[in-house]
Amino acid sequence: MSVDLNFDVGQVQRISNALKAASSKLDLVMVRAQNHTGAKARTAMIRALVPQTGMKRKTMAKALKAKKAFNGSNFEIKAKGGDVRLVFFKPRETRKGVSAAPWNKRSVYPGTFMKGGLFPKRVALKTNGAVLERAGKARLPLAAAPRSGLYIPTEMVTGNSEAVFYATVQREMPGRIAHELYRVLGS
């Protein structure tokens with residue numbers, strides 16, 4: 001008993017030709033895939049950082065900047081923001097001091113204030129919501145209140161934000177590379 005196996009080499013030849021054509025444009029494919037997936041990862045990180053830090057989405061979007069990949073460079077997500085002021089954590093004034101919620105955990109900062117006058121008829125000061133404290137025992141001078149201790153770049157690479165970044169890249173990148181290859185090959 002004999003078995004004849006016939007194989008059409010034309011299919012393999014076409015695939016080989018397509019890959020040769022794509023090899024010259026492989027850098028373009030990778031740059032496009034990085035930029036598309038990186039933008040999705042940045043959005044996912046912003047969504048994760050809002051509950052992780054207790055800051056507003058608009059503030060977090062301003063703090064995380066993307067630098068697109070081009071000519072062989074890599075996509076980068078950069079964060080700015082040192083020790084963040086209490087004004088970004090939904091501060092409220094109480095009799096004991098200002099209550100703010102860094103890391104979404106509300107705590108009171110004794111001796112701090114946002115308004116002037118006597119309780120209960122206090123009026124907002126013209127400080128754009130800044131949290132202040134007295135520099136000494138006298139009425140003046142005033143000093144900026146203690147900071148929150150939250151650093152956006154540190155938060156960006158820890159906790160849920162880091163996990164969301166890697167999960168997004170791992171899920172989206174292979175499909176995006178295939179998409180961009182098809183685009184370059186004209187299929």
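FYI, it's all coordinate maths here, none of it is from the lab. All of these numbers come straight from a predicted model, not from anything done at the bench. Glycine also receives a Cβ, built like all others from the backbone with ideal geometry; neighbour counts cover every protein chain displayed.
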- Highest-MSF residue in the chain out of Arg122, Arg85, Arg32 [GNM, Cα springs under 10 Å]: Arg122
- Spin-label pair Lys67/Ala144, simplified geometry with 7 Å Cα→Cβ offset, distance in nm: 2.5
- Task: Would you work out the charge dipole size for region 110-170 about its Cα centre, treating the Cβ of every Lys and Arg as +1 and the Cβ of every Asp and Glu as -1, and quote it to the nearest 20 debye?
- Result: 720
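Ranked by Cβ crowding within 10 angstrom, fewest neighbours first, how are Ser99, Ser148, Ser107 ordered? Walk me through the numbers on the way to the answer.
On the way: Ser99 17, Ser148 23, Ser107 13.
The fewest-first ordering by Cβ neighbours comes to Ser107, Ser99, Ser148.
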- Say we join alpha carbon atoms closer than 10 Å with springs in a Gaussian network model of the chain; which of Gln52, Gln170, Gln34 then has the biggest fluctuation? Gln170
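What size of dipole, in debye to the nearest 20, comes out for the chain about its Cα centre when the only charges are +1 on Lys and Arg C-beta atoms and -1 on Asp and Glu C-beta atoms?
On the way: 34 positive and 11 negative charges, 367 e Å.
Dipole magnitude for the chain comes out near 1760 debye.
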- Based on the Cα coordinates of region 56-163, what is the per residue volume of their convex hull in Å³? 131
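Using a cut-off of 14 Å between beta-carbons, work out the net charge of the residues near Arg176 (Lys and Arg +1, Asp and Glu -1, Arg176 not included).
On the way: positive: Arg32, Lys40, Arg171, Arg183; negative: Glu172, Glu180.
Net local charge, Arg176 excluded: +2.
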- Task: For a footprinting-style exposure proxy, rank His179, His36 by other Cβ within 10 Å, fewest first.
- Result: His179, His36
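Two decimals, Cα atoms only, Kirkwood Rh: what is Rg/Rh over region 86-144?
On the way: Rg = 11.3 Å, Rh = 11.8 Å.
Here the Rg-to-Rh quotient is 0.95.
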- Query: What is the dipole size for region 86-144, taken about its Cα centre, with +1 at each Lys and Arg Cβ and -1 at each Asp and Glu Cβ, in debye to the nearest 20?
  - Reply: 200
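Within 14 Å, Cβ to Cβ, of Arg95, how many net charges do the neighbouring residues add up to if Lys/Arg are +1 and Asp/Glu are -1? The partial results should precede the final answer.
Numbers: positive: Arg92, Lys96, Lys115, Lys121, Arg122; negative: Glu93.
Local net charge: +4.
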- Message: How compact is the chain by the rule of thumb for globular proteins, expressed as Cα Rg over 2.2 N^0.38 Å?
- Response: 1.69
